[in-house]
Amino acid sequence: MKSMIDGKKIHLVAATLVDRRRIYEWCFQSETTKSHSGPPDYPEKPIASYQDFCSDYYEEYFFTGAQPKKGQGFLIMTKEEAIGFISYSAFHLKQNYAELDIWMKDEASCGHGYGNDAILALSDYLNQYLAIDQLIIAPSNRNVRAIRSYEKAGFERTDAEMKEFLAEEYTSLYGEGDYGIGETAILIKDFEN
Ligand SMILES: CC(C)(COP(=O)(O)OP(=O)(O)OC[C@H]1O[C@@H](n2cnc3c(N)ncnc32)[C@H](O)[C@@H]1OP(=O)(O)O)[C@@H](O)C(=O)NCCC(=O)NCCS
C-alpha cells in the first residue's frame with residue numbers, strides 16, 4: 001500500500017485512528033453536513049453519532065490499512081493542510097468493484113476542483129494497484145454539486161439499481177441506497193470501457 005497518492009492539486013495520505021474523530025466531525029458536525037444528511041434537505045438520512053459512524057460506517061481498518069481489500073480512508077491534503085476525506089469500500093460489493101465516499105471539512109474547501117482531483121487520483125490508484133475496474137458512487141439525486149464533480153471525474157449516471165452491484169449477502173441491507181430507490185443517484189466509472 002502506498003502511504004501517499006499524488007493528484008494534480010492535492011495529495012492523499014492514508015488516514016489514521018488519530019484522525020477518525022475529526023473526519024467524523026467534518027462529515028456529520030460541520031457546515032458541509034447539510035449537503036448530504038439531516039433535515040431540512042435530507043430528513044431520510046439522519047445525522048449519525050460518532051459511535052454509529054465507527055460501528056456502522058467506518059470500522060477501524062479504514063484508518064489502519066489493515067484490510068485493503070475491504071476498504072481504506074485518506075485525508076485530502078493541500079500543501080498547507082488537510083481539507084477533507086475520501087475513502088473506498090469494497091467489502092459489500094461484487095468482485096472488482098469499489099464504492100467511493102468523499103466530503104470536505106468546510107465550504108471554503110469546496111468548489112476549487114479538489115474533490116474532482118481526489119476522486120481521479122484515488123480511482124487511478126485503485127485501478128492500478130488493486131485491479132479494481134468498476135467504481136461506483138451513490139449520492140442523493142439532489143446533491144447537484146457532488147454529481148457535477150463526479151461527472152467531471154469520468155463517472156456516468158446509470159439506471160441500474162444499487163443491488164446490481166452488491167454482493168448477495170448485502171442486498172437487503174444496502175439495496176435501496178442511502179436515500180432510497182429513486183432518490184439515490186448511482187454513478188459508475190468503468191475502466192474497461
Ligand atoms: C461533493 C464534494 C466532495 C465535491 O468536491 P468539490 O471540490 O467541491 O467539487 P469540484 O470543485 O470538483 O466540482 C464542483 C462542481 O459543481 C459545481 N457546483 C457548485 N455548486 C453547484 C450547485 N449548487 N449547482 C450545480 N453545480 C454546482 C461547481 O461549479 C463545479 O463544477 P465546474 O467545475 O464545472 O464549475 C464537495 O463539494 C463536498 O464535500 N460537499 C459537501 C459534502 C458532500 O456533499 N459530500 C458528498 C456526499 S455524497
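Work through the residues other than Asn193 whose Cβ is under 11 Å from its Cβ and net out their charges, Lys, Arg +1 and Asp, Glu -1.
On the way: positive: Lys189; negative: Asp133, Glu156, Asp190, Glu192.
Counting the neighbours of Asn193, the net charge comes to -3.
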Return the lysines within reach of Lys94: Cα separation strictly under 22 angstrom, same-chain partners fewer than 8 residues apart disregarded; answer none if there are no such residues.
Lys69, Lys70, Lys163, Lys189
Any idea how far the Cα center of region 122-189 sits from the one of region 1-38, in Å?
18 Å
Mean Kyte-Doolittle of at least 0.0 plus a Cα span of 15 Å or more along the axis: flag which DSSP H helices in the chain meet both, please.
114-130
For the residues Ile102, Ile188, Ile47, what sequence is obtained by ranking on other C-beta atoms within 10 Å, fewest first?
Ile47, Ile188, Ile102
Each residue of region 32-42 in order: what ³J(HN,Hα) in whole Hz does its phi give by Karplus 6.51 cos²θ - 1.76 cosθ + 1.60, θ = phi - 60°, with x for Gly and Pro?
8, 4, 5, 6, 9, 9, x, x, x, 7, 10
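No lab work stands behind these numbers, since they all come straight from the coordinates. The structure presented is a predicted model; accordingly, all values stated were derived computationally and were not measured. Cβ atoms come from the backbone with ideal geometry, glycine included; neighbour counts cover every protein chain shown.
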